[in-house]
Amino acid sequence: MQSIRWVVMGVSGCGKSTVGRALAAANGVPFVEGDQFHPQANVDKMSAGIALNDDDRAGWLLALQAQIRDAQQRGAGLVISCSALKRRYRDLLRQGDPALRFAHLNGPKALIAARMQARVDHYMPTSLLDSQFRDLEPLQADEAGLTLNIEMPPAELVTQIRA
């Protein structure tokens, strides 16, 4: 498990950071918070309630791909939180490591909206949740990974990912 690279993916508010940190700790590998790689222009746009487009996400995804590639070249494990909503985004991330795995945290929009409303000091408004679900393309059969139900506790989700 220590040399596997994972992306914990899903819409905003699904628990990517919580599960990602726990998975990284369980695997004894670094955790990278994907949101920290957004340029300020993206953060400003989302804070204003404007959904990002593919062009907005391009540089951000390339920065995350570089983190993945670096870990892969060192033979090191890594866990990254990243929405990775579209197949082409995941394909771009996989260019950093063809063996990259994805853990898609999936759940009901109402639950995710409630989680988002309970967060403090996060720039992503609940008003953008619809655009996230609209962009979401579930993992396809040829993509290494699994889809998990976020109604389960984070510790159980980590156990399932590690299995």
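Confirm whether Asp97 is more than 25 Å from Glu151 (Cα to Cα), of a type in the set (D, E, K, R) and not in a helix (DSSP H, G or I). Judged against the criteria, Asp97 is a match. For segment 131-160, a residue qualifies if it is of a type in the set (Asp, Glu) and surrounded by fewer than 16 Cβ atoms within 10 Å (Cβ to Cβ), and the qualifying residues are Glu137, Asp142, Glu151, Glu156.
How about segment 133-163: which of its residues are of a type in the set (S, T, N, Q) and touching a His at 6+ places or on another chain (Cβ under 9 Å)? Listed by number, the list holds a single entry, Thr147. Under the condition of being farther than 26 Å from Ile161 by Cβ and of a type in the set (D, E, K, R), which residue from segment 30-63 is surrounded by the fewest Cβ atoms within 10 Å (Cβ to Cβ)? Among them, the one singled out is Asp55. Among the residues making up segment 11-29, those that are surrounded by fewer than 20 Cβ atoms within 10 Å (Cβ to Cβ) and out of contact with any strand residue (DSSP E or B) (no Cβ under 6 Å at 6 or more places or on another chain) are Thr18, Ala25, Ala26, Gly28.
Restricting attention to segment 12-63, the residues that are in contact with a helix residue (DSSP H, G or I) (Cβ under 9 Å, 6 or more places away or on another chain), among the hydrophobic types (A, V, I, L, M, F, W, C) and over 22 Å from Leu78 (Cβ atoms) add up to 6.
Examine segment 57-68 for a residue that is closer than 18 Å to Phe133 by Cα, touching a residue at least 12 places away in the same chain (Cβ under 8 Å) and not hydroxyl-bearing (Ser, Thr, Tyr), and state whether such a residue exists. Yes, that holds for at least one residue.
Name every residue in segment 95-127 that is open to solvent by 60 Å² or more (accessible area, probe 1.4 Å), modelled with pLDDT under 85 and under 30 Å from Ala76 (Cβ atoms), in order of residue number. The answer is His122, and nothing else.
The values are calculated or read from the model by the stated rules, or taken from the named source; none is laboratory data. Keep in mind that what you see is a predicted model, and the values were worked out from it rather than measured. With ideal geometry, Cβ positions are generated from the backbone for all residues, glycine too; neighbour counts draw on all protein chains shown. Side chains are part of the model used for accessible areas, which takes the heavy atoms of the whole protein and leaves out ligands, DNA and RNA. Shrake-Rupley method; radii C 1.70, N 1.55, O 1.52, S 1.80 Å.
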